[in-house]
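Notes to accompany the following structure.
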Amino acid sequence: MLETLRRIVQEVSAAPDLPSALAVTVNRIRDTMQVAACTVYLADEDNREFVLMATAGLNPQAVGRVRLDRRQGLVGLVAERQEPLNLEDASRHPRFHPIAEIGEDDYHALLGAPLIQYRRVLGVLLVQHTAIRCFQSSEVDFLVTIAAQLASILNHAILSGATQELLNPLKVGARALQGVAGAPGIVIGVIAIPHLLADLDDVPDRLTRNPAAEEAAFQNAIATVEKELREASDRLAPLLPPTEQALFSVYRMMLSSDSLLGETRARIRAGQWAPAAWRDAVLARVRLLEQATDPYLSTRAEDIRDLGRRVLNHLRAEPAQPVAVTGERCVLVAEEMSVAHLAAIPSEQLAAIVCLRGSALSHVALLARAMGIPAVMGLGDRPLGRFEGNTIIVDGYQGRVYLNPDPAMRAEYRQLIAAEAERSTGLGALRDLPAMTRDGHAIPLYAKAGLLTDIAAAGQCGAAGIGLYRTEFAFMVRDSFPSEEEQCQIYRQMLAAFAPQPVVMRTLDIGGDKTLPYFQIKENNPFLGWRGMRFTLDHPDIFLTQLRAMLRANAEWNNLRILFPMITTVEEVDEALRLLAQAHEELQEDGWPTVLPPVGVMIEVPSAAWQAGQLAQRVDFLSVGTNDLTQYLLAVDRDNPRVAGLYDSLHPALLKTVAYIIEQGRATGRPVNLCGEMAADPGAAVLLLGMGVNSLSAGPASVPRVKWAIRSFTLTEAQELARQALAAETVREVHHLINAALRRAGLGEIVHEPE
Ligand code: PEP
Ligand code: MG
């Protein structure tokens, strides 16, 4: 059974497209189980229907045409129950729903299994037989196992949009790829790939105008890899066993294969650029070899893929080809994106970011927010890299993108963009007004910043200073740790730009998802590992250098506040303060006129929340980092799109924790700032104001909207909202309360989605 399963799965995975994969599945299952018919129905969520998508044994004309209401018939029953259904005579079941055109009149026995992935029913797999009999448990096990495999293939197809094309071919131009909202805003632009990609599957499709140059580049890459292999084989021959040595000969044989090279050249001459021509020629062979039952041949598939990558690396080393999008508004698309990628693109060209991994709380999303450009994150396993130069709509509010949108969709989005521009001009008028409630209660509203390029946006958004300057970004865009002098210059520019308004500089907070290219930390659980203060206390050299740079930069302006990240114990604060005092004394000994600035502690870990009072007594202010506090309190990785639906800073447990921190701040006389993304959400900001928070810090792009919301409420209304939200039992209830309050205040257009 296992062997049969393995073969079927292998064959299905090697199928070139989804219809062929489904056809192979139903045919193989029918043959293996010796039944009369095997059929796959796929869920069409748009229309709440199941569509007959492949069959071996029923009327082939029914494929794509027979649609059942989601709750109809036995297919609907399998989906509803989410478990196998084994009937000796289906036609006698009360839910049996005969459909004339599918030709199942002679069938009695029926076994159905749902295709489920991540709790979603993606379809139903059915087998039917002419006899009246129950299926044996081994047959049920077989169908369930194959259904699980098929569900995972289907999930992949759904992500890449393939199922949508099959289910609703006419709606392709308006098809949205759903991800997670990373940063607000809407953009219509052209896909740009930040740099050539590492793997064959990621090579974008491009055409060449100069096939001769491409062919020459290809020839060079082949020659270089041949040379490398020869050298490596000479060098390693004495060290390797003969079987491993033989691999080099296999590689060299492949490299001289006329068919592989010839096919690549033919593709180049037909207009493909060399990396894509090579990709297609290699992957065609990989697919063939993967289908082989002989283990020797299937292992060769991995070898040829590896060889493909080596040649690709050399093609990438050729002088960079101009990206198809020069001069246009670029939507940067990548699987994962580092700050360095962003910094490398001229800011006037960078219009939006689309990241296949990550979530709303990834640092690239936070940076996009700070830069005021939309971002969509966590789109999953979609080969978007291949669509360089194609048009894309990025909807950073809904967390959606539309690839090659049809004219109607473009027109609709153009209208939305115009409406948004109009609204932000209106908000601009609030710039010089305070963030004050209708009954005269003002709350400092600060901006957040990460790079020096944020100075302009933060300065123009009408904030009262910088509530969180994430110093790690300046470390992330370099090739080595910046010196004290380099840091001092950066910090001085920041302080000078906002003086006399305060600038809260957070000491280096790396680890978790923020790694330095020149100091890689490899851990199984990076978010529970060597992060923030833990790292800097273990590296007093790095910490002291940073503190000295900050204190020196402050000498002229005296508007610095220092903030310690990722504090989990009081000892950490004591130690950090000791090092700060040491840096201060050393500077004074060296003749620098420094002062000790106010110091704060970030409360972003449950242990710190419950010791907020003790921590507050040691410092001058607290700053609540709800981005991390949410992930640690709810045990939801802030960067994992699979659990993104569970990540919500409006969770009642989080609200209660924040309320406790605010209470501790009040009891100790220390102000409490809130600098997580929650503060950038206008509805949540009003709620926090009602809970008694002393100040808020939001990205510059969000400051005007938050100010607008605060100015639309009275303090009493905000307090009433807080009272109700703190009594809520579910996240949904909290969203509902906020939405109702926003509507009452006339801000219905910014209610939370989904409620
Ligand atoms: C937070 O955790 O809320 C925070 C502001 O810090 P960061 O997002 O940089 O981890
Ligand atoms: Mg944090």
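Where in segment 459-571 are there helices (runs of 4 or more DSSP H), lying wholly inside it, with at least 3 residues that are more than 16 Å from ligand 2 (Cβ to nearest atom) and open to solvent by 20 Å² or more (accessible area, probe 1.4 Å)?
Ranges flagged: 484-498, 540-554.
Among the residues of segment 656-686 satisfying the criterion of being within 14 Å of ligand 2 (Cβ to nearest atom) and assigned to a helix (DSSP H, G or I), which is modelled with the lowest pLDDT?
Applying the filter and picking the extreme gives E677.
Residue by residue through segment 412-442, note down the ones that are among the aliphatic types (A, V, I, L, M), touching a strand residue (DSSP E or B) at 6+ places or on another chain (Cβ under 6 Å) and either in contact (Cβ under 8 Å) with a residue 24 or more places away in the chain or in a helix (DSSP H, G or I) (or both).
Listed by number, the residues that qualify are L416, I417, A435, M436.
Report yes if some residue within segment 636-654 is surrounded by fewer than 18 Cβ atoms within 10 Å (Cβ to Cβ) and farther than 25 Å from V180 by Cα; otherwise report no.
There is no residue in segment 636-654 that is surrounded by fewer than 18 Cβ atoms within 10 Å (Cβ to Cβ) and farther than 25 Å from V180 by Cα.
Give just the number: which of (1) in contact (Cβ under 8 Å) with a residue 40 or more places away in the chain; (2) outside the structural domain of A365 (by TED's automatic domain parsing); (3) under 36 Å from the mean Cα position of the chain (by Cα) does R209 not satisfy?
The single condition R209 does not satisfy is (1).
In segment 554-561, is there at least one residue being within 16 Å of ligand 1 (Cβ to nearest atom) and either within 26 Å of the chain's Cα centre (by Cα) or of a type in the set (F, W, Y) (or both)?
Scanning segment 554-561, I find no residue that is within 16 Å of ligand 1 (Cβ to nearest atom) and either within 26 Å of the chain's Cα centre (by Cα) or of a type in the set (F, W, Y) (or both), so the answer is no.
For segment 602-626, enumerate the residues that are in contact (Cβ under 8 Å) with a residue 60 or more places away in the chain and open to solvent by 10 Å² or more (accessible area, probe 1.4 Å).
F621, the sole residue that qualifies.
For the condition under 25 Å from the mean Cα position of the chain (by Cα), in the same structural domain as Y446 (by TED's automatic domain parsing) and more than 14 Å from ligand 2 (Cβ to nearest atom), what is the one hit in L615, L646, L633?
L646
Is it the case that A174 is among the aliphatic types (A, V, I, L, M), open to solvent by 10 Å² or more (accessible area, probe 1.4 Å), modelled with pLDDT of 85 or more and in contact with a helix residue (DSSP H, G or I) (Cβ under 9 Å, 6 or more places away or on another chain)?
For A174, the condition - among the aliphatic types (A, V, I, L, M), open to solvent by 10 Å² or more (accessible area, probe 1.4 Å), modelled with pLDDT of 85 or more and in contact with a helix residue (DSSP H, G or I) (Cβ under 9 Å, 6 or more places away or on another chain) - is not met.
Considering segment 737-749 alone, what residues qualify as being assigned to a helix (DSSP H, G or I) and surrounded by fewer than 17 Cβ atoms within 10 Å (Cβ to Cβ)?
Residues satisfying the conditions are A740, R743, R744, G748, E749.
Can you confirm whether Y446 is in contact (Cβ under 8 Å) with a residue 40 or more places away in the chain, open to solvent by 10 Å² or more (accessible area, probe 1.4 Å) and either within 16 Å of ligand 2 (Cβ to nearest atom) or assigned by TED's automatic domain parsing to the domain that holds G529 (or both)?
yes
Only one of (1) modelled with pLDDT of 85 or more; (2) surrounded by fewer than 19 Cβ atoms within 10 Å (Cβ to Cβ); (3) among the charged types (D, E, K, R) fails for D395. Which number is that?
(2)
Determine which single condition H108 fails, assuming it passes every other condition in (1) touching an Asp or Glu at 6+ places or on another chain (Cβ under 6 Å); (2) buried (at least 20 other Cβ atoms within 10 Å of the Cβ).
Evaluating H108 over (1) touching an Asp or Glu at 6+ places or on another chain (Cβ under 6 Å); (2) buried (at least 20 other Cβ atoms within 10 Å of the Cβ) leaves (2) as the failure.
Within segment 580-601, work out how many residues are free of Cβ contacts under 8 Å to residues at least 40 places away in the same chain, more than 16 Å from ligand 1 (Cβ to nearest atom) and surrounded by 17 or more Cβ atoms within 10 Å (Cβ to Cβ).
5
Inside segment 39-103, counting only strands (runs of 3 or more DSSP E) that do not spill past its ends, which hold 2 or more residues that are surrounded by 19 or more Cβ atoms within 10 Å (Cβ to Cβ)?
In segment 39-103, the matching strands (runs of 3 or more DSSP E) lie at 49-56, 85-87.
Specify the residue that is farthest from ligand 1 (Cβ to nearest atom); the eligible residues are those in segment 602-624 that are out of contact with any Leu (no Cβ under 9 Å at 6 or more places or on another chain) and in a helix (DSSP H, G or I).
So the residue we want is Q617.
Take segment 16-34 and flag every residue that is in contact with a helix residue (DSSP H, G or I) (Cβ under 8 Å, 6 or more places away or on another chain) and part of a loop (DSSP other than H, G, I, E, B).
Matches in segment 16-34: P16, D17.
Only residues that are open to solvent by 10 Å² or more (accessible area, probe 1.4 Å) and within 11 Å of ligand 1 (Cβ to nearest atom): list them for segment 679-706, please.
Selection gives A680 alone.
The values are calculated or read from the model by the stated rules, or taken from the named source; none is laboratory data. Not measured: the values here are computed from a predicted model. Note: ideal-geometry Cβ built from the backbone for every residue, glycine included; neighbour counts use all protein chains shown. When the accessible area is computed, the model is the full protein with side chains, heavy atoms only, and any ligands, DNA or RNA have been set aside. Shrake-Rupley method; radii C 1.70, N 1.55, O 1.52, S 1.80 Å.
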